[in-house]
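Undergrad: Got a structure for you, questions after.
FYI, it's all coordinate maths here, none of it is from the lab. Remember, predicted model here, so these are calculated numbers, not experimental data. Positions of Cβ are generated from backbone atoms using ideal geometry, with glycine treated the same way; all protein chains shown enter the neighbour counts.
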Amino acid sequence: MDYPIEILPNATFKYIDCDLATHFLLRIINTRDINEFWDFETNMLKIAHVCSPREHIQDLSMSLLGIYRPQDIFIQLTESGKIKFNHYCEPDANVQVPVFEEEFILNEDRHHWWVPIDKLSNRKFPYERDSHPFVATCMVEHSPMRWNFWHFSLKWKTDLGNLEDLPEKQKKNVARRIAHSARALIAKFAIIESPENLILPRNCYCKN
Amino acid sequence: MPAELSAIAEDQSILSPHYVYEPDIIDSTIAIHTATLSVFPFRIAWDHNTGMMQNAGAENFLIATNSFKNNKQFIKLYQSFSEQLAMNADVFFGENNYTLQEKMKISSDAILKIFPDKVSLEVTDEGSIFYKIIKGDTSIFFEHFLIAEDDDPDEAIITVYQNDENILNLGGSLTEVINETNKFFLPHNIRTADFV
């Protein structure tokens, strides 16, 4: 089994600099049983499969659909593969190709959901009527990793500054509200039907 | 809670054929309908509840005015909650199940007041109930945190979307959030037919 080298960082690559509003992000779920992650009553993603535990919402790993294809979700790094490849890197980093069974395996007990980027990026959640008012903003960032150039991070910022610097009780309240907003946002907009696979023009991610 | 009450609570299954329930716990709809009803000495038979108001006379039962759909939704939510509570026993270690179930009834009752088209819940690993509600073109996400700290009141957070637009975000005590939810939804949703 060969690793799909088109998803690896490459000396000719740069950070993606095109508008991605019409594109989709994909997130892997560690089960292939649709009943486990999809709520057929409301036809929405189950909250536990947005992210669990809650802390993961601060940096939720996703991949940009396009060159990264749905079948790539089955790639799972082994423990030694994680040590070597599971790190953020520059888009043009020089990385080796992971070796099958040593550094990655295929795990077919997986599924995925999609979410349109324009429903997430720069979405603001004003908690203005709270005792400690603030505004949370959802950020979509291209964050290449040594195993996946198409890796994206869903992050959150607030107008209160660094979450860690807030007083303990306020920090807990703000973290709860961010986690709630994030779960609601993703449950609202996540889909499981395959969207149109838009391939980015090369000039969006290749130097010159 | 007194031990004898706890024993009674554990004895009773809400889904059992002749389960009866005190109106002051479940009849918030009735409370809107008429103030006098809330002081009735009668008890409510869920299994007989067809949405029509009747007095069963000799049995001393009063039939609640909640719609049958509402009751079915409640039973489904309650069943789902109880199952998930059992599966997440470690999250609620040291908490009294009866108290948790009573807390769930408060938030689910508030939610069912807005007559959702669809509703489901998930118990999260942070000890909260996360409700997803659909009513027409509105999606409501209501989270009730069941484990309070330092004798603080229970917390809740609500997020509302109309179509794709986020129109409400609010966090606070459960009471505050329920009150705001009621202000937001009930003026548009109380229909005379539901209460007559």
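Undergrad: Rounded to the nearest 0.05, what FRET efficiency do A:E6 and B:N88 have when you use their Cβ-Cβ distance and R0 = 35 Å?
TA: On the way: r = 41 Å, r/R0 = 1.18.
My answer for the efficiency is 0.25.
Undergrad: Please list, ordered by chain and number, the residues whose modelled amide H lies under 5 Å from the amide H of A:L160; skip anything fewer than 5 residues away on the same chain.
TA: A:V135
Undergrad: Considering only DSSP beta bridges with both partners in chain A, what is the antiparallel share in %, to the nearest 5? Please report the intermediate quantities before stating the final value.
TA: Numbers: 32 of 34 bridges.
Among the beta bridges of chain A, antiparallel pairing accounts for roughly 95 percent.
Undergrad: Which of the GluC sites (Glu not before Pro) found in the range A:168-200 are loop residues per DSSP with 15 or fewer other Cβ atoms within 10 Å of their Cβ? Walk me through the numbers on the way to the answer.
TA: On the way: sites: A:E168, A:E193, A:E196; in loops: A:E193, A:E196.
Here the sparse-neighbourhood loop sites are A:E193, A:E196.
Undergrad: A further question on this structure: Report the extension gain between A:E36 and A:S194 in nm, rounded to one decimal, defined as 0.36 nm multiplied by the number of residues separating them, less their alpha carbon distance.
TA: Details: separation 158, 0.36 × 158 = 56.88 nm, distance 1.86 nm.
Roughly 55.0 nm would be gained on extension.
Undergrad: Next up: Past 30 Å, Cα to Cα, is the threshold; run A:K46/B:K103; A:K84/A:K172; A:K188/B:K69 against it and keep the listed order. Don't skip to the answer; put the middle values down first.
TA: Values: A:K46/B:K103 22 Å; A:K84/A:K172 34 Å; A:K188/B:K69 24 Å.
Over 30 Å apart, Cα to Cα: A:K84/A:K172.
Undergrad: Hey, another quick one. Taking chain A as a Gaussian network, Cα atoms linked when under 10 Å apart, which of A:E102, A:E36, A:E128 shows the biggest mean-square fluctuation?
TA: Result: A:E128 has the largest fluctuation of those listed.
Undergrad: Can you give the Kirkwood hydrodynamic radius of chain A from its Cα pairs, in Å with one decimal? It would help to have the intermediate numbers written out before the result.
TA: Values: mean 1/r = 0.0548 Å⁻¹.
Result for chain A stands at 18.2 Å.
Undergrad: Further question: Straight distance only, please: which lysines reach the Cα of A:K171 with their own Cα at less than 21 Å, same-chain residues fewer than 8 apart left out?
TA: Answer for A:K171, where 21 Å is the Cα cut-off: A:K124, A:K155, A:K157, listed by chain and number.
Undergrad: Taking chain A as a whole, which cysteines find no other cysteine Cβ under 4.7 angstrom from their Cβ?
TA: When partners are defined as cysteine Cβ atoms under 4.7 Å apart, chain A leaves A:C51, A:C89, A:C138, A:C206 without one.
Undergrad: Hey, another quick one. With just the Cα atoms defining each centre, how far is the range A:1-50 from the range B:114-159? Give it in Å.
TA: 27
Undergrad: Ok, one more. Give me the Debye-computed log₁₀ of I(q)/I(0) at q = 0.11, 0.17, 0.24 Å⁻¹ for the range B:65-168, equal point scatterers on Cα only, no solvent, two decimals.
TA: For the range B:65-168, the Cα-only Debye profile gives -0.34, -0.79, -1.33.
Undergrad: What distance in nm separates the two pseudo spin-label positions at A:C204 and B:D164, each 7 Å out from Cα along the beta-carbon direction?
TA: Those two pseudo-labels are separated by 1.7 nm.
Undergrad: For A:N148, what residues show an amide H to amide H distance below 5 Å, using hydrogens built from the backbone and excluding near sequence neighbours?
TA: Excluding prolines and chain starts, which carry no amide H, there are no hits.
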